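Report on the following structure.
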Amino acid sequence: MSGSVGRNLGLVLALLVLIIVGAVTSSNFLNFDNALVILRQASIIGVIAIGMTFVIISGGIDLSVGAVMALASVVASLAAIQDIAESSHWIVTVVVALLVGLGAGLINGVVIAYGKVAAFMATLAMMVGARGLAEILANNRTLVMNDRDFVRAMNVDLLGIDILIWIFIVVAAAGWFLLNRTTFGRRTVAIGGNPEAARLAGIKVKRHTMWLYALLGLTTGIAAVMILGRTTAGTSTHGQLYELDAIAAVVVGGTLLVGGRGTITGTVFGVLIFATLSNVFVQNNLTSSAQAVAKGLIIVVAVLLQQRFAVGKVKGRRDMTVGGVNFSVPKQK
């Protein structure tokens, strides 16, 4: 069960258990519409979690994604931006949100990689600053999205499936390809396994780290577009605790918090597990407090199960080839 197949099988079994519990406790659980509800709820957090997977695999962390998403939604829904979008095309709103997310991610990456500030502190500062800037720009109000073309585009169904779900599928597929089929993904794993060995192998660790946070910023911008289209409003309160939900989904999906190992498939299952758990609680009219306790227990169990992998990561070593160069990184048991 320590291999990637075994870990993913464990996640599948956990998801199946939740589905069985939902089916037994609620007559409305096993229907197509409810499945779409679960996927729709998972989509926004899922997009952020895909980007978070890359950062955590590299040994980093980002606490600012929720605040950055709020900032991107506010900037994209400012009156000036809406006027430009209405006089040209609604895609302007999308581009602005993506640029805000990308810019915030780049700032995080530069401060962490080149400023040598701990990721926890740098992204904590961004979290506070982005949320505060969103409040200033919105004047502590909710900005309504009046561009009907944008709202309509973000609420269409393709083949009977919500556009938000399709966006999640596309981002997850792109993330899987980037991590498993490109040099960028292999270098990300190498940096998380042993940054010094990666540097000696010729990988520009600082530059790569910067682009990892930029990638997470980009996925956060995509999530901002999704929530803006769904709620038709930009507000500084968007994304509250989304960073914790994304990190929890990544960790439950099997990505090591110390870096060096993780999969997009596991993250997708992690997101679906939490979304299904929330739906089961809602279907049975259970409180959000009980749901929070259950989530906490799941996270603790996931972290405890990771301990032996983290120990093996430090004790053992294995050979890896990156860019045609052989070097040694910690072995994962």
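Among the residues of segment 244-271, those identified as open to solvent by 30 Å² or more (accessible area, probe 1.4 Å) and touching a helix residue (DSSP H, G or I) at 6+ places or on another chain (Cβ under 7 Å) are 245, 257, 258, 263, 265, 268, 269. None of 50, 56, 38 is modelled with pLDDT under 95 and assigned to a helix (DSSP H, G or I) except 38.
Remark: residue 179 matches the filter, which requires a residue to be in contact with a Gly (Cβ under 7 Å, 6 or more places away or on another chain), assigned to a helix (DSSP H, G or I) and surrounded by 13 or more Cβ atoms within 10 Å (Cβ to Cβ).
For (1) open to solvent by 40 Å² or more (accessible area, probe 1.4 Å); (2) within 24 Å of residue 237 (Cβ to Cβ), each residue gets a yes or a no:
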position	(1), (2)
16	yes, no
27	yes, no
31	yes, no
37	yes, yes
45	no, yes
51	no, yes
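The single condition among (1) open to solvent by 40 Å² or more (accessible area, probe 1.4 Å); (2) at pLDDT below 95 that residue 207 does not meet is (2).
Residues in segment 68-85 that are more than 17 Å from the chain's Cα centre (by Cα) and farther than 12 Å from residue 143 by Cβ were compared, and the one that is least open to solvent (accessible area, probe 1.4 Å) is 85.
Within segment 180-202, the set of residues being in contact with a Phe, Trp or Tyr (Cβ under 7 Å, 6 or more places away or on another chain) and among the aliphatic types (A, V, I, L, M) comprises 197, 200, 201. Here segment 124-160 is the region considered, the condition is being assigned to a strand (DSSP E or B) and at pLDDT below 90, and the residue that is surrounded by the most Cβ atoms within 10 Å (Cβ to Cβ) is 157.
The helices (runs of 4 or more DSSP H) falling completely within segment 231-333 that include 1 or more residues that are modelled with pLDDT under 90 and farther than 21 Å from residue 8 by Cβ map to 264-283, 288-315. The condition (being touching a Phe, Trp or Tyr at 6+ places or on another chain (Cβ under 8 Å) and either of a type in the set (A, V, I, L, M) or within 29 Å of residue 153 (Cβ to Cβ) (or both)) is satisfied by just one residue among 221, 229, 239: 229.
The values are calculated or read from the model by the stated rules, or taken from the named source; none is laboratory data. Just so it is clear, the model here is predicted, and its values are computed rather than measured. With ideal geometry, Cβ positions are generated from the backbone for all residues, glycine too; neighbour counts draw on all protein chains shown. What goes into the accessible areas is simple: the full protein's heavy atoms, side chains included, and nothing from ligands, DNA or RNA. Shrake-Rupley method; radii C 1.70, N 1.55, O 1.52, S 1.80 Å.
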